[in-house]
Structures are given as C-alpha cells and as structure tokens.
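For reference, the structure is listed below as structure tokens.
Laboratory data are not the source of any read-out in this text; all were calculated from the coordinates shown. Because the structure is predicted, anything quoted here is derived from the model rather than measured. A quick note on method: Cβ atoms are made from the backbone with ideal geometry, for glycine too, and the neighbour counts reach across all protein chains shown.
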Amino acid sequence: VGEGGEITYKKIQSSQIMGSIQLGIQHAIGGLASKPERDLLMQDFMTVETTNFPHEGSNHTPAHHYSEFKFKTYAPIAFRYFRDLFGIQPDDFLMSMCSAPLRELGNPGASGSIFYLTNDDEFIIKTVQHKEGEFLQKLLPGYYLNLDQNPRTLLPKFFGLYCYQCNSKNVRLVAMNNLLPSYVKLHQKYDLKGSTYKRKASKTERQKNSPTYKDLDFMEHHTEGLFLEADTYSALIKTMQRDCRVLESFKIMDYSLLVGIHNLDEAQREKTEARKSTESGQSDDEDEPKKSGLNRTRSINRQRLVAHSTAMESIQAESEPIDEEEDVPPGGIPARNARGERLLLFLGIIDILQSYRLRKKLEHTWKSMIHDGDTVSVHRPSFYAQRFLDFMGKTVFKKIPSLDLPEIKGNH
Ligand code: ATP
Ligand code: CA
Ligand code: CA
C-alpha cells in the first residue's frame with residue numbers, strides 16, 4: 001500500500017495497472033482475430049508479442065491518459081488454443097476482461113502479489129514474479145499436453161500470460177479461472193497444504209472480513225473433517241491424485257488446495273434473522289453478500305463461462321441439484337460438517353508456479369518438510385505431493401459412513 005492509502009505494486013498505482021492491462025489485453029485479443037485458427041506448433045509456446053501504447057495513440061492503439069507503457073503477450077496462439085479448449089469465445093473473453101473495471105482483491109497472499117477479479121466473476125488476474133512467469137512459459141507445452149488429454153482437473157487453468165512495462169518496471173500477470181464465487185457468502189475459506197509447520201492464519205488475517213484460514217485452523221474448526229458421499233469422495237481424491245502426479249512430474253511444490261465453504265443451513269438461519277430484523281425496522285445491509293450491479297446478480301444462475309471449471313465438473317462428479325437454492329451458483333460439491341449441516345464446497349489447486357528449482361523462495365517449504373519428517377532432499381516434490389494427498393484424503397475429506405454398514409443395519 002502506497003501513500004494516501006492507494007494500493008501500489010512496484011510503486012505503480014494499482015488503478016493504472018488495471019486500466020493499462022485492459023487496454024493491452026483488448027489489443028491482444030483483437031489482433032488475434034486476423035490470425036486464422038490452426039493446429040498448435042511448438043514455437044507457439046515461445047512467441048512474445050510486444051506493443052507500445054503511447055499517450056496520443058497510434059495506428060493500432062487508442063489514446064489514453066495512463067503513463068505510456070509497453071504490453072507483452074506471451075504465447076498468444078497457444079493461449080487462444082487453451083481458451084478454446086475450455087469453450088471460451090474470444091468475444092466473451094474480451095467482454096469479461098475489458099468491458100467493466102476489474103475489482104481488486106487486496107493482497108490476499110503473503111508474497112505481495114496483487115489479484116484482480118473480473119466483474120463477471122469468471123477470471124482472476126494475478127501478478128507473478130519474473131521466475132514464475134518464466135516457469136509458466138517453460139511449463140506450457142507439458143502442462144497443456146496434460147490438459148488436452150484431461151480437461152477435468154483441479155489444477156489452475158491459465159488463459160493468458162502478459163507483461164506490463166512502465167518506467168522500466170515489469171509487471172507480469174497471469175489470467176486464470178476464479179475458484180470462489182464472490183456473490184455467495186463463503187462462511188469459511190481455507191488454504192491447505194498438508195503441513196502443520198506455522199500453518200495458522202495470522203492475527204491480521206483473522207481480523208479480515210473474510211479470512212483465509214490454514215491447515216491448523218481447519219483441524220481446529222473441523223476436528224472430524226468434511227463429509228462427502230462415497231462416490232464424490234472417490235472422484236475428488238482420484239482427481240487430486242492425478243493432479244499431484246502431474247505436479248510432481250514438473251517438480252512443483254508449495255501449492256495449496258483452496259477450499260471455500262458455503263453453509264446452506266447457516267445461510268438459511270441468516271436469512272431468517274435478517275427478515276426478523278427488517279420487520280423490526282432494523283437495516284441488515286451490512287451482512288448481505290455484495291451484489292454489485294445487475295450483471296453479477298444475473299450471472300448467478302447462468303452456466304459458468306469456462307467449461308469444466310466448477311468444482312463438480314472438475315472432479316467429474318454428478319449429483320442432484322440442490323433445488324430451491326436460487327442464490328447459490330451451480331457446481332459446488334455437496335458435503336456435510338460433523339453437525340450434519342449441508343455445505344457446498346468450492347475448491348481447486350492454486351499457486352503452482354513454484355518449482356523445486358526456485359530454491360530461494362522455498363526456504364520456508366524446506367523447513368516445513370524437515371519439520372514434518374522429510375530428510376531426503378531429492379524426493380521433496382514427491383514427499384510434498386504424498387503429504388498433501390494424505391492430508392486431503394484422511395484429515396480434510398471423509399466418506400459419509402454408509403447406512404448399509406452391517407453394524408448400523410443390525411441395530412435397527
Ligand atoms: P504465497 O506465495 O505467499 O502463498 P501468493 O501471492 O502466491 O501467496 P496464492 O497462494 O496464489 O498467492 O493465493 C493467495 C490467496 O488468493 C488464496 O489463499 C486465495 O484466497 C486467493 N486466490 C488465489 N488464486 C485464486 C483463484 N484461482 N480463485 C480464487 N481465489 C484465489
Ligand atoms: Ca500460496
Ligand atoms: Ca506463491
């Protein structure tokens with residue numbers, strides 16, 4: 001945060017970054033229209049296109065009132081192919097990215113990255129470090145070999161990699177799918193790694209409006225875990241196993257499972273409470289989830305723009321839709337807590353651009369692995385994946401005990 005409370009990144013005002021990247025992306029997508037669809041070539045992963053955006057505009061760029069900047073688009077043809085894979089039409093992508101101001105998610109991570117959310121709730125734009133951007137570039141061929149074979153995955157879906165250059169500073173950005181709906185109340189949010197080393201939300205985090213808790217907090221809040229139907233449980237665990245195998249093959253570590261929990265029963269109680277207080281003349285505006293503008297409200301019942309991207313679709317599971325819950329977006333994974341309350345889970349794997357080779361940044365991860373008993377350094381990515389899967393499969397998610405179990409049946 002800079003002077004006067006304005007959020008800055010590398011001393012550039014966030015509002016300027018937002019506006020400029022929208023111009024840059026608009027230009028990049030527009031320029032693609034003239035390039036015919038074709039099969040991907042290996043060199044498409046390496047291409048970088050650079051455009052200058054002078055104040056006064058140019059033959060192919062509009063005039064603007066931001067600082068002059070350069071905008072780089074990495075692997076434009078490759079990313080178009082990936083967007084296509086997820087059914088995202090160029091016009092829709094353009095509309096999502098550029099037709100309305102982005103919303104800033106104000107430093108949710110510890111790394112100092114800034115996150116922007118598109119107004120229609122579909123995409124997240126995250127600033128990444130130089131090394132992470134480079135890593136994603138190298139990862140692209142292998143990563144999308146995997147996606148092409150299997151678009152049903154909890155791994156992040158990357159839809160663009162850009163670099164905004166201004167006053168000799170570089171701001172690298174990735175566009176990806178948004179996992180957490182912003183127009184439904186998430187009663188709890190967790191960033192889980194399967195580690196217990198310092199995995200507790202800080203005091204500042206806990207004081208936030210909608211804090212992101214960590215592993216130790218989860219174990220405290222949900223001592224018995226979250227309960228899923230047997231089929232859903234298997235589908236989820238299988239998907240995570242497959243995804244972790246891919247991550248391990250790229251020597252990726254330090255990723256998390258992001259889990260957002262909407263508690264249907266609690267939402268019901270909140271509604272009743274709210275009605276009571278309105279009847280007695282009190283206002284309850286503050287507790288309502290934010291619905292800014294028609295667009296967002298209307299999109300609640302709409303299918304997501306990005307195909308295969310809801311949590312249920314990602315794990316290839318199906319369940320009967322929970323009817324009469326109109327304000328809840330589709331695709332959450334039905335679950336229960338230990339009290340039997342009905343939950344919807346929104347989840348996915350995030351922050352995968354840390355390779356084992358990016359040693360410096362991983363010092364914390366190293367310490368946590370030694371803390372958790374890993375001493376053999378060469379196997380770290382595999383140790384990380386195993387510990388992650390263990391934690392998810394045993395501590396976080398549980399199968400709902402089947403009613404057919406003999407001991408239950410026998411007693412009735
Ligand atoms: P660090 O490296 O310190 O962990 P970071 O800046 O790399 O932080 P992430 O771990 O990627 O940040 O994400 C931080 C938070 O941002 C997450 O806990 C989550 O609340 C939110 N977030 C990240 N990616 C997504 C996404 N795809 N959809 C919704 N929310 C996200
Ligand atoms: Ca992280
Ligand atoms: Ca990170």
Would you mind calculating the relative contact order of region 3-177 from Cα pairs under 8 angstrom and at least 6 residues apart, reporting the percent as a whole number? 22
Nearest-0.05 FRET efficiency for Glu279 and Lys70, computed from C-beta distance (R0 60 Å): 0.55
If I take R0 = 60 Å and measure r between the Cβ atoms of Asn59 and Thr272 in this structure, what FRET efficiency does the formula 1/(1 + (r/R0)^6) give, to the nearest 0.05? 0.50
What FRET efficiency do you get for Leu216 and Ala338 if R0 is 25 Å and r is their Cβ-Cβ distance, rounded to the nearest 0.05? 0.90
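Got the relative contact order for region 110-269 handy, in percent, Cα pairs under 8 Å and 6 or more residues apart?
23
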What's the ranking of 337-345, 391-399 by average number of surrounding C-beta atoms within 10 Å, highest first? 391-399, 337-345
Dipole of region 1-157 (Lys/Arg Cβ +1, Asp/Glu Cβ -1, origin at the Cα centre): which of Ile114, Ala28, Asn59 lies farthest to the positive side? Ile114
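If I stretch the segment between Ala230 and Asn167 completely, what's the gain in nm (0.36 nm per residue apart, minus their alpha carbon distance), one decimal?
Working it through step by step, the gained length comes to 17.1 nm.
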If packing is taken as the mean number of other Cβ atoms within 10 Å per residue, what is the order of 85-96, 49-60, highest first? 85-96, 49-60
Roughly how many nanometres apart are two label points built 7 Å out from the Cα toward the Cβ at Met46 and Gln89? 3.6
Working note, region 3-177: Cα radius of gyration (Å, one decimal) and Dmax (Å, whole number) are 15.7, 50
Cross-link list Lys72/Lys203; Lys11/Lys271; Lys138/Lys185; Lys131/Lys185; Lys35/Lys138; Lys70/Lys208: which exceed 31 angstrom alpha carbon to alpha carbon? Lys72/Lys203; Lys11/Lys271; Lys138/Lys185; Lys131/Lys185; Lys70/Lys208
